Each structure stands twice: as C-alpha cells, then as structure tokens.
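The values are calculated or read from the model by the stated rules, or taken from the named source; none is laboratory data. Nothing here was measured: the structure is a model prediction, and the numbers come from that model. Ideal geometry is used to build each Cβ from the backbone, glycine not excepted, and the neighbour counts take in all protein chains shown. Areas reflect the complete protein model, heavy atoms only, side chains present, ligands, DNA and RNA absent. Shrake-Rupley method; radii C 1.70, N 1.55, O 1.52, S 1.80 Å.
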Amino acid sequence: MKSASIPPLRVDPALRAAAESVLREGETLSAFVESSLRAQIEHRRTKAEFIARGLAAQEDAKKTGMYHSADNVLGMLKGKLEAAKASKHK
C-alpha cells in the first residue's frame, strides 16, 4: 500500500514547543502527530457508535414503552462491578 501525506499544519510556536516538550525518548514530532491523529479518529468513531447505540435504545424504549430508572441501572452496574472485583480476587 502506498503511503499518503497529511496536509502541512501551521501552528503557533507555543503549541509546537508544548508538543515537543512531551515527546518520548526517540519519538519524533511526526510520529507524535500520527499517533494523535489515530487516537482522535478512534475516539470519534467510538463516540459516534456510542451515540448511535443510545439513539437506538431510545427508539426501542419508545416502541416498547419499557424504561429503566437510573437507580435500577446504577444498581445493576454496581452488582456487575462487585462481581468482577470478587472474581478478580479469587
């Protein structure tokens, strides 16, 4: 697969300095920018999927008339968390 380039990016010198100040040993600014771009793409995809699931759940609740209180949901999640902690300590 051929590689492609991202358009040049002009930034304030302070932003460039801030980015350079957090580079890891042997990491280049280009590698940092690529990593940041990949992370942002994944974040946006995950967010879009989360919103789509929420909207689908909302539609399902409207169709079925079945709604769950926040207390019930939080109780269920607390139970799952406690079970996961218990199985981890075995």
Next item on the list: Take the residues in segment 21-31 that are open to solvent by 60 Å² or more (accessible area, probe 1.4 Å) and either in a helix (DSSP H, G or I) or touching a Gly at 6+ places or on another chain (Cβ under 8 Å) (or both), then tell me which one is modelled with the highest pLDDT.
Entry: Ser21
Next item on the list: Find all pairs meeting these conditions: Cβ atoms under 8 angstrom apart; at least six residues apart or on different chains; first residue within segment 26-40 and under 13 Å from Arg16 (Cβ atoms); second residue of a type in the set (Lys, Arg).
Entry: Leu29/Arg16
